[in-house]
Amino acid sequence: MDPLVLNPQSLTQIFRHSALHQTALWTLTSELQRKQLVWNATNMKSGRMLDLFTADIIKSFMAFGYAIWKTTRSGKLLVADPSVCTIARTPAGKWKVISVSTGASNATRGWHCTTFVRPPLHIKNPTCSDWPSPTVLSFPHYLRVRDIEENWLRRDTHNSYPSVFTTIQLEHFKHKGSNGDIIGSMPAPSFYRNIDKYGKAAFMAPSIGNKQVGPTESSFQELAKSRHDAIRNLSEKSTLEREAILAGKNNGLAWDSLTDQSKGEKLHEEHIITDGKKPVETKILLSAADARLQYDRTRHAVLFALGVPPQAVGETVNSERTASSAAIYDVAIGLFLRTVEQYRVAVEEVLKEATMLDDGNYVKYSFGISGIQLNRVLPLLKTNQAIDLLSQTYHLPVSYFDKARVAVMQDADSSKAKQTTAVGKGPQKQLETVAATPSQQNLKH
């Protein structure tokens, strides 16, 4: 992979290449869109274009920490990519759009900058890395995820190709010289060159006393030439045999037309064959024992930095099967819902300014709670309000709900909640006390 440097363009590209950031953005956007956009005065639903507008605003908030948007004279809502825009802080502490490169025009009239986070005050001209946006905070962990995946790919590529290590093997080289003498058992030292006192390489033959036991320089040259000719002849013969086999009609299989390989491609792969070397098979590269654990923790660090815990996308962070797993889930989802509320407040600020009409009517998110929250507070609600919340949560008309049956369900849930409270004891009771929200035990019903 190419080295990734943090700049405005890379912040935009991350959402095109990182599945983690796409998942976090989709999860956050889906949770925000669970509440419908309605007009404040009439409570009428808004159009599809506002959903697309808010989705672009959320992406800008997550990537850069601020969003640049505009309402045209014809009533269209536009969101500019912050990577092609320049903003500056005014003396009053607000942020003003200096330039917007949209291709057709660089005019800055009508463009607004709404911040989700703010850079440190002591930085006069902050860059994209100075804004503590969720993507900037997750960037170091994202690079680590890329490194781990790249290392796995390199290891798998290495293990997919056959390869060997070779070492020089000079034992038992026997050959007849020109005078008929056998040059045999040439030890490894006889193949090395020595450096004389003048720095010149010279062939050195071993000797015992005054008797030379190894090959002379001339016999060594004969040996090298002879072995070169032998290897060349063997290579030529191997080529002729291969061509004869591939050109044959029967291919040794009784003229079977189904196995005729005369017109087929070569069924083997050429490798380098060395003479005088001993091949040793290379070992495969193994993964570390805790590689999967470290990879999962790094992925989870990216999701946590983006404000979307793994539990929000259906992942588990441990293998616990006791009541502690439910308590951990509740804490994580509670933090996620508070993050969603921060985005909702910032998006509503943009919507109020972008859709404000002369009569004071503007678009906002409808009131409602999630299905998990509704199941927990349903026994405590009035029946009419419970029906309204059920209608908003499950997107069904109010007329579809039977008031009497909803009341019976509320009474049943209330009885189960009292029974659960009465029998709770031991570790489960302690977890119910320390958890930020009640456990999921009531959701099983």
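Brief remarks follow.
- The range 1-103: C-alpha gyration tensor shape, a/c 1.5 cut-off, then a/b vs b/c: oblate
- Above-threshold pairs, the threshold being 28 Å between Cα atoms, out of Lys352/Lys403; Lys45/Lys382; Lys124/Lys352; Lys45/Lys403; Lys35/Lys96; Lys237/Lys283: Lys352/Lys403; Lys124/Lys352; Lys35/Lys96; Lys237/Lys283
- In this simple spin-label model, placing a label point 7 Å from the Cα along the Cα-to-Cβ direction at both Asn375 and Leu337 gives a separation of 1.2 nm.
- Highest to lowest packing among 60-66, 300-306, 332-338, scored as the average C-beta count within 10 Å: 60-66, 300-306, 332-338
- Charged neighbours of Lys59, selected by a Cβ distance under 14 Å, balance to -2 (K, R count +1; D, E count -1).
- Order of exposure, largest accessible area first, which applies to His21, His158 with probe 1.4 Å: His158, His21
- Additional length obtainable on full extension of the chain from Val38 to Glu281, 0.36 nm per residue less Cα span: 80.6 nm
- Approximate spin-label separation Ile123-Lys94, in nm, with each point projected 7 Å along Cα-to-Cβ: 2.3 nm
- Asp358-Ala107 FRET efficiency (beta carbon distance; Förster radius 30 Å; 0.05 resolution): 0.75
- Cβ-Cβ distance of Val5 and Ile148, R₀ of 25 Å, FRET efficiency by 1/(1 + (r/R0)^6): the value works out to about 0.85.
The values are calculated or read from the model by the stated rules, or taken from the named source; none is laboratory data. None of these values were measured; they are calculated from a predicted model. Ideal geometry is used to build each Cβ from the backbone, glycine not excepted, and the neighbour counts take in all protein chains shown. Accessible surface is based on the protein model in full, side chains and every heavy atom, while ligands, DNA and RNA are left aside. Shrake-Rupley method; radii C 1.70, N 1.55, O 1.52, S 1.80 Å.
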